[in-house]
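Below: one structure, written as structure tokens.
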């Protein structure tokens with residue numbers, strides 16, 4: 001196989017165009033022969049060979065759109081092959097050499113390389129296949145490179161269904177971008193709504209649980225109140241019964257006898273106490289008389305001692321006796 005063929009990517013698509021995807025540079029496909037290029041653009045050559053003499057702007061526009069579509073298909077195949085090889089090379093390079101290798105080898109940015117590897121991971125197969133043998137891609141409807149790139153915004157497990165539902169093959173780039181954006185926005189709003197619904201459901205469940213708990217406590221209090229009322233009525237009935245029994249006892253002969261006996265006993269106790277006081281008074285009177293006589297005898301013999309005891313006796317009879325009788 002001769003020198004690698006070089007393909008220039010013209011700015012044919014609006015918005016996310018092919019030249020922008022590949023950093024507006026030339027890129028080389030190792031192993032892509034001139035025969036492969038001719039094979040990939042065979043449809044375009046047929047169109048140009050079938051030119052009619054009646055050339056009109058609509059006819060020319062149709063031819064250009066056909067060439068754009070076929071070129072996009074070829075670029076998708078090429079991007080898958082490049083992504084496969086970039087992924088292989090990244091696994092072989094030492095840590096930190098990836099960006100330098102991309103710049104020196106292809107003038108690729110790491111962002112461009114990542115995009116190409118994502119294209120391979122989404123639409124290619126793990127096998128390394130030469131372009132002459134025909135690229136092996138996943139079973140998806142016909143897509144061009146730009147469409148495939150936009151569809152990376154759809155999760156892999158949902159991509160095929162999304163393509164089938166919206167007839168992606170016949171959508172413009174702008175329409176497809178809007179469809180993907182609307183779909184993602186709808187999912188975001190759905191997830192937000194589900195979250196809000198979950199939060200509301202949790203709040204509702206908490207309120208239901210709280211109401212159930214309060215209802216249970218209320219029923220317990222009602223039961224307790226009924227029990228207390230019943231107990232109060234029983235106590236009131238018991239009180240009436242006891243009062244009636246007490247009244248009956250008071251009216252009985254035995255109760256009256258006991259009352260009279262207690263009265264006589266109290267009178268006897270009071271009389272005994274009075275007799276004891278009288279006895280003690282008589283004893284005190286005799287003692288005072290004897291004390292007075294002895295003090296007179298002492299006054300003549302020992303005036304100083306007499307005076308000391310005289311004061312003690314007076315203090316006892318006035319202050320001391322008064323304090324003792326008030327206790």
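None of the figures in this text is laboratory data; all of them are computed from the coordinates on show. Please read these numbers as outputs of a predicted model, since none were measured by experiment. Cβ coordinates were reconstructed from backbone atoms using ideal geometry, including for glycine residues, and neighbour counts include every protein chain displayed.
Some observations on this one:
- A protection proxy built from the mean count of other Cβ atoms within 10 Å ranks the segments 284-290, 308-314, most packed first, as 308-314, 284-290.
- Take the Cα radius of gyration of region 155-279 and divide it by 2.2 N^0.38 Å, N being the number of residues; the result is 3.33.
- Summary of packing: across the peptides 56-69, 100-113, the per-residue average of other C-beta atoms within 10 Å ranks them, highest first, as 100-113, 56-69.
- Which of 149, 187, 143 has the fewest Cβ neighbours within 10 Å, and the rest in rising order: 187, 143, 149
- Each label was represented as a point 7 Å from its Cα along the Cα-to-Cβ direction; for residue 111 and residue 297 these points are 13.8 nm apart.
- Going from the residue with the fewest nearby Cβ atoms within 10 Å to the one with the most, 277, 180 rank 277, 180.
- Inter-label distance, nm, simple model (7 Å from Cα along the C-beta direction), residue 156/residue 187: 1.4
- Full extension of the chain between residue 239 and residue 64 yields a length gain of 51.7 nm, computed as 0.36 nm times the residue separation minus the alpha carbon distance.
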